[in-house]
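What follows draws every value from the coordinates through simple rules; no lab data is involved. Owing to the predicted nature of the structure, the values given are computational and were not obtained by experimental measurement. Counting neighbours? That spans all protein chains shown, and the Cβs are built from the backbone with ideal geometry, glycine included.
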Amino acid sequence: MKVKFMGAARAVTGSCFIIETAKTRFAVDCGMHQGGAEIEKRNWDVDIYKPAQIDFFLITHAHIDHSGLLPRLVQKGFRGPIYATEPTGELIKILLLDSAHIQEVEANWKNKKMLRNGQTSSAEPLYYTKDAEAVSPLIQTKTYDQAFSPASGIKANFKDAGHILGAAFLELFIEENGTNTKLVFSGDIGRRHQLLMEDPSTVSEADFLFMESTYGDRNHKGEEDSLNELAAAISYSYKNGEKIIIPAFAVERTQEILYSLHLLSMAGKLPKDLPVYLDSPLAIRATEIFRRYRSYFDEETKDLLKTGEDPLGLPQLKFSSTTAQSMEINELQGSAIVISASGMANAGRIKHHLKHNLWRPGASIVFVGYQAEGTPGRRIVDGAKTIRLFGEDISIKAKIFTINGFSAHADQEQLLAWLGNFQSKKMQIFLVHGELAAQEKLASLIKERYGFAVDIPEYLEEIELQSGAQFAVVKQPMKIQPPLNMDSAFNDLKAKIDYINNVKQNIQQLSPAKQGEILELLKDIDGNFNDIKSRLL
């Protein structure tokens, strides 16, 4: 059989692995590529997936970096079943509709901007709402540990990954030419003792393991430390009469933050007069799904619910569903907690809240999840002094908190502990869903501690697997990014600067009004330059 790495190869987004046997061609996950513009171009080039030739999908969980390209694949001809757990199936439906809405809004915004500039309007969304709606009838749900056969010679089983509601890792048993091979795809492995979720299940045998490595180079802070740091951020801005802005993924992270605020309230560390706004229609709908699937919660949460406590509710919690309600939050005087999507600050209402609060010295920006390379969240976390939002350079004066203890991903030691349950000493490991530095560190520790063979595949690399044998690369990998012609861009920029210098006297002879217009245009160029500098920090 062959496996092709369509994403999450030396990166943390775009998870998709196409598996081809003698009789069947299918895929595990179908994630959207997120990050810089070059990475996101991959979302448009889905012909390389050959959508109409994919027999079925197995989706580990609902996050967009694992499911977000499904509408695009349906748009381009995929018609097979999509297998997932029950909560994942429910969450996928609302996440994809929200994603389609964002695609349509952004395309509409680009078209209006082009028309205002006298250009031909040509922007289209990656996919439409109708494409997201077309995914729903294809979803077939399963429960944990309910083995099923999606095709002849293939048996699949979802096991609890402890990551988000309904998240699973996948056991695949493939019979081919009289040989049985077991593959395990980890999906995203959750951290132990996470609020709401059960600890990850374990597995002891596999021939090949495709394992996530998001936090392969670091360990998280303890849960108590994370709660205390969140309390410190709240206290800091509450005393200053400013807002606490929390970019949070709508699924799982938002619910865990609500739970954490409930715990702080019970401990007397959340001011009772401090309003908490959940400003995300998607997160509100996702929270409703969480409430419907309480049977998936861990025992501690179930016990809390039995006492009448609501870990997903607070007396001062307010839901903001409409755009008008969201705008009112930014007009509000005084301190408030604002939880809004997206978690990496690259889309949605959170960008508006950052624009209104990043420049305020008394405000707090609390990052509670992974920030991928190329995203605004990553630039802020990495120490940028300014960031460009909606065409304006925003000075970063707010206090920045990064609390990885809220991550839904296992950290380095937790990944190693989960791996320690495998008894197949000849198992081959492929590290996926991680940045290269984290993967190299984790690979070194795996070899040292367990002696497993470890490989770090690249984007579009294709390998051939045979039980009991060394894998073979059948297609050379594609580099993460093609070489960019920077010299040409620099020479073009220099020529334009030389032109401005040459016509400087002509500009000074213009009327003050026209000089003012040119000065404003030059300020826009200066803003772009500052944005470049922030990426070099």
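Okay, here's what the table says:
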item	result
Stretchable slack from Tyr499 to Glu373, in nm (0.36 nm times residue separation minus alpha-carbon distance)	41.9 nm
Additional length obtainable on full extension of the chain from Ser149 to Asp487, 0.36 nm per residue less Cα span	116.3 nm
Efficiency of FRET from Cβ geometry, Arg79 and Asn180, R₀ 30 Å, rounded to 0.05	0.55
Packing rank of 121-133, 78-90, 281-293, 336-348, where each peptide gets the mean count of other beta carbons within 10 Å, highest leading	336-348, 78-90, 281-293, 121-133
Lysines whose Cα lies under 19 Å from that of Lys397, excluding same-chain neighbours fewer than 8 positions away	Lys239, Lys243, Lys351, Lys355, Lys385, Lys533
Cβ-Cβ FRET estimate between Ser424 and Gln316, R0 fixed at 51 Å, reported to 0.05	0.50
Sorted peptide list for 226-237, 34-45, criterion being average Cβ within 10 angstrom, highest first	226-237, 34-45
Residues Trp359, Trp109 arranged by fewest to most Cβ contacts within 10 Å	Trp109, Trp359
Extension gain, Lys302 back to Glu106 (0.36 nm per residue minus Cα-Cα distance, nm)	66.5 nm
Amide H within-cut-off set for Gln140, under 5 Å, with H built and near neighbours excluded	Ile82, Tyr83, Ala84
Angle between the chain longest axis and helix 512-535 axis [Cα atoms, degrees, rounded to 10]	30 degrees
Which label in [x] 1.21; [y] 0.96; [z] 1.02 gives the computed Cα Rg over 2.2 N^0.38 Å	[z]
Cβ-derived FRET efficiency at R0 35 Å, Lys397 paired with Glu309, nearest 0.05	0.40
Rounded tilt (10° steps) of 486-502 against the dominant C-alpha axis of the chain	10 degrees
Residue-by-residue Karplus 3J(HN,Hα) for segment 45-55, coefficients 6.51, -1.76, 1.60, Hz, glycine and proline x	8, 8, 4, 5, 6, 6, x, 5, 9, 8, 6
Residues in segment 190-206 that a label on Tyr450 would reach, taking backbone N under 19 Å of a point 7 Å out along Cα→Cβ	190-193, 199-206
Rounded to the nearest 20 debye, dipole of the chain from Cβ charges on Lys, Arg, Asp, Glu	1120 debye
32 Å Cα-Cα threshold exceeded, pairs from Lys159/Lys441; Lys76/Lys110; Lys41/Lys504; Lys110/Lys494; Lys272/Lys306; Lys2/Lys93	Lys41/Lys504
Segment 41-87 and segment 226-259: distance between their alpha carbon centers, rounded to Å	34 Å
Cα-based Rg / Dmax (Å) for segment 223-406	15.7, 50
Nearest-ten-degree value, helix 86-116 long axis tilted from longest Cα axis of the chain	30 degrees
Sequence of Cys16, Cys30 once ranked by neighbouring C-beta atoms within 10 Å, starting from the fewest	Cys16, Cys30
Label-zone membership for segment 101-124, site Glu517, 7 angstrom Cα→C-beta point, backbone N under 17 Å	116-119
Cα pair count fraction exceeding 26 Å, expressed as % - segment 29-160	27 percent
Rounded Å value of the spacing that divides the Cα centres of segment 153-196 and segment 92-117	34 Å
